[in-house]
Amino acid sequence: MQLRHAIACVFFLSATTSLCQAGDPPAFSIDRIKADVKYLSSDPLQGRGVGTRGEDLAVDYIATAFEKAGLKPAGERGTFYQSVPLMAVQTGPKASLTIRKGDTLTSLRLEDEFVGVSRTQVTEDFDAEAIFCGHGITASEFGWDDYKDVDVKGKVVVVFTNEPPSGDPKFFGGKALTYYGRWSYKYEEATRRGAKAVLIIHTTETAGYPYSVVKKLQNVQLQRAADAPALAFAGWLSASAGGKLLANVGLTVDEALKKADTRGFKAIPLGVHIQGHIPTTAKKIVTRNVIAIAEGSDPVLKSEAVLFTAHWDHLGMGQSSIGTQSTFNGALDNASGCGILLEMARAWTGQKAKPKRSAIFLATTAEENGLLGAYYYASKPSIPLGKTAINLNFDTVIPVGVPESVVVSGAERTTAFPLVQKIAKQHMLDIEPDKNAHLGFFYRSDHFALARGGVPAFSVYPGEKFRGKSADFAKKQMDDFIAKVYHTPNDVFRSEWDFAGYPVLMRFAFDIAIESANAKTLPTWNQGDEFRAAREKK
């Protein structure tokens with residue numbers, strides 16, 4: 001990167017890096033970040049599984065680091081912790097799923113061909129008609145309804161994840177995935193319609209990751225209210241299993257997906273029943289968010305805050321793809337984000353001139369299970385969401401050099417975007433559109449839970465331009481990560497990683513937060529945005 005900003009000075013060749021600008025700049029220590037990432041992803045933490053000894057070690061480490069940084073507790077009862085009550089739900093090894101056509105039974109193999117869990121949180125047995133509902137989307141604003149003229153109450157809904165392909169930003173967001181494309185939406189919509197179960201046919205193209213990723217090692221859910229509707233089974237089918245099911249109406253997986261992508265799609269009864277036996281055990285667990293605060297200097301505005309987030313959890317211990325017991329260390333996902341969060345906290349408290357608004361530093365639990373810790377915080381925030389200026393989130397930052405561009409998907413939808421653009425320009429960073437927007441990353445990390453609560457929120461990632469690297473370097477790194485590392489035991493700390501770019505990303509986010517903390521007014525979502533109404537209610 002070439003620094004053309006007159007008051008900028010740097011590069012990141014030393015262990016401790018300070019980016020110089022007017023005032024008293026913080027120092028970001030690469031050595032401290034590396035130590036945090038290395039410890040949080042070490043074997044003694046056992047993959048930081050929710051409700052495990054690994055959780056205890058992780059949250060205590062983070063809380064201690066916050067305290068050493070000079071932050072104050074912002075959790076319950078004067079502590080750094082916020083208890084998050086959940087249910088650990090486990091599908092038994094004798095679970096079965098069978099396609100019944102007349103007297104012909106075709107059994108599917110657990111894990112190899114289907115995975116999933118009971119959302120009623122009890123053992124379920126069912127025998128219900130199966131119906132193919134395309135992408136399982138009802139979106140009146142786009143003139144799309146996969147459930148038109150069909151009643152799926154008590155039936156097994158079969159769908160693909162993702163959404164109809166589009167190059168038009170006004171139709172399902174163009175190439176960028178909207179929430180309609182997320183697997184979580186598929187389950188939610190079918191539940192609203194009274195379905196008995198949902199089976200999502202997996203393809204790497206539609207999901208954005210291999211089938212091995214959906215083989216959940218654990219399943220953690222919010223505790224279900226007694227009268228709340230829930231699916232007897234929320235599951236995934238491998239492409240081969242999906243092919244067996246669709247063959248009953250003469251379709252291949254590719255042919256069915258093509259139909260699902262076509263405007264005017266009509267649901268297709270599959271002429272079979274799905275028999276399910278889902279033995280289930282469930283137990284209450286209490287996991288923890290870690291929350292700290294640096295109070296602002298203004299006697300009025302300190303009741304408002306900027307919010308930094310990163311999730312501490314990963315997948316714990318479990319079976320690897322070759323059947324051996326393995327530790328899913330989660331060095332990149334998301335010890336990397338935690339390392340950034342902790343160093344940002346140290347830098348924030350190291351400022352001589354305190355910003356007017358407070359700053360909340362939140363390490364969330366159960367992100368891997370559907371952003372549950374972030375949703376819980378959003379329901380019980382330390383500072384009301386209506387008084388939370390902005391949320392900057394850090395999740396899976398691959399340390400491979402110095403970025404010359406950033407991705408801040410979602411920022412352009414907020415009134416904070418001119419500020420984001422200004423700060424990027426000051427740091428000589430290009431703002432890139434998210435090249436992986438079709439994979440729906442905006443909906444897959446904790447900032448989404450805060451956005452749903454109305455907070456202008458987005459994750460901060462490096463873009464595809466790296467100093468001294470080829471144009472396809474970053475894409476190759478991401479492709480390799482998704483194919484070989486993501487949610488596998490290969491996500492381990494590597495001594496050869498190049499953390500030199502972390503301070504670039506951190507300085508950029510840091511300055512956005514400082515200016516947001518000192519601004520006269522709070523930002524909001526742009527007029528007409530899906531999250532604007534939630535902001536206005538706060």
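Looking at the range 115-142, which of the residues that are free of Cβ contacts under 8 Å to residues at least 60 places away in the same chain and not in a strand (DSSP E or B) is nearest to Ser96 (Cα to Cα)?
Step one: of the range 115-142, the residues free of Cβ contacts under 8 Å to residues at least 60 places away in the same chain are 137-142.
Checking which are not in a strand (DSSP E or B) leaves us with 137, 140-142.
Working: Ile137: 27, Ser140: 36, Glu141: 39, Phe142: 38 Å.
Filtering the range 115-142 for residues that are free of Cβ contacts under 8 Å to residues at least 60 places away in the same chain and not in a strand (DSSP E or B), the one nearest to Ser96 (Cα to Cα) comes out as Ile137.
Which count do you get for residues in the range 371-406 that are within 14 Å of Phe308 (Cβ to Cβ) and either in a helix (DSSP H, G or I) or within 18 Å of the chain's Cα centre (by Cα) (or both)?
So the first thing to find is which residues in the range 371-406 are within 14 Å of Phe308 (Cβ to Cβ), and the list is 374, 377, 381-383, 388-395, 397.
Subsequent filtering for residues that are either in a helix (DSSP H, G or I) or within 18 Å of the chain's Cα centre (by Cα) (or both) retains 374, 377, 390-395, 397.
Qualifying residue count, the range 371-406: 9.
Pro523: touching a residue at least 12 places away in the same chain (Cβ under 8 Å), closer than 18 Å to Ser459 by Cα, under 24 Å from the mean Cα position of the chain (by Cα) and part of a loop (DSSP other than H, G, I, E, B), yes or no? Explain how you work it out, then say what you get.
Values: touching a residue at least 12 places away in the same chain (Cβ under 8 Å): yes; closer than 18 Å to Ser459 by Cα: yes; under 24 Å from the mean Cα position of the chain (by Cα): yes; part of a loop (DSSP other than H, G, I, E, B): yes.
Spelling it out, Pro523 is indeed touching a residue at least 12 places away in the same chain (Cβ under 8 Å), closer than 18 Å to Ser459 by Cα, under 24 Å from the mean Cα position of the chain (by Cα) and part of a loop (DSSP other than H, G, I, E, B).
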### Query
Just one of Leu341, Leu307, Leu332 is crowded, with 24+ Cβ neighbours inside 10 Å and in a strand (DSSP E or B); which is it?
Leu307
### Message
Could you tell me how many of the residues in the range 97-123 are charged (D, E, K, R) and either under 29 Å from Lys283 (Cβ atoms) or not assigned by TED's automatic domain parsing to the domain that holds Ala241 (or both)?
### Response
5
### Task
Check Ile285 against each of (1) more than 25 Å from the chain's Cα centre (by Cα); (2) surrounded by fewer than 24 Cβ atoms within 10 Å (Cβ to Cβ) and name the one condition it does not meet.
(1)
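Search the range 458-505 for residues being assigned to a loop (DSSP other than H, G, I, E, B) and polar (S, T, N, Q), and hand back the single one that is farthest from the chain's Cα centre (by Cα).
Here is the first cut: in the range 458-505, the ones assigned to a loop (DSSP other than H, G, I, E, B) are 460, 463-465, 467-472, 486-497.
Narrowing the set further to residues that are polar (S, T, N, Q) leaves 470, 488, 490, 495.
Numbers: Ser470: 28, Thr488: 16, Asn490: 20, Ser495: 26 Å.
Checked the range 458-505; the qualifying residue farthest from the chain's Cα centre (by Cα) is Ser470.
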### Every residue from the range 131-148 that is out of contact with any helix residue (DSSP H, G or I) (no Cβ under 7 Å at 6 or more places or on another chain) and farther than 13 Å from Lys266 by Cβ
Ser140, Glu141, Phe142, Gly143
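Search the range 471-486 for residues being among the aliphatic types (A, V, I, L, M) and within 25 Å of Lys215 (Cα to Cα), and hand back the single one that is modelled with the highest pLDDT.
We begin by selecting, within the range 471-486, every residue among the aliphatic types (A, V, I, L, M); these are 471, 474, 478, 482-483, 485.
In the following step, the residues that additionally are within 25 Å of Lys215 (Cα to Cα) were identified as 478, 482-483, 485.
Numbers: Met478: 89, Ile482: 87, Ala483: 88, Val485: 93.
Residue satisfying both the conditions and the ranking: Val485.
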### Query
Which one of these is on the phi > 0 side of the Ramachandran plot and not charged (D, E, K, R): Gly501, Gly454?
Gly454
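If you go through the range 428-454 one residue at a time, how many are in contact with an Asp or Glu (Cβ under 8 Å, 6 or more places away or on another chain) and surrounded by 21 or more Cβ atoms within 10 Å (Cβ to Cβ)? Walk me through it before giving the result.
Keep residues of the range 428-454 that are in contact with an Asp or Glu (Cβ under 8 Å, 6 or more places away or on another chain), which gives 428-430, 432, 435, 441-442, 445-446, 454.
Restricting the remaining residues to those that are surrounded by 21 or more Cβ atoms within 10 Å (Cβ to Cβ) gives 429, 441-442, 445-446, 454.
Residues flagged as in contact with an Asp or Glu (Cβ under 8 Å, 6 or more places away or on another chain) and surrounded by 21 or more Cβ atoms within 10 Å (Cβ to Cβ) within the range 428-454 amount to 6.
The values are calculated or read from the model by the stated rules, or taken from the named source; none is laboratory data. The shown structure was predicted, so the numbers you read here are calculated from the model rather than taken from an experiment. Heads up, the Cβs are rebuilt from the backbone with ideal geometry, glycines too, and the neighbour counts pull from every protein chain shown.
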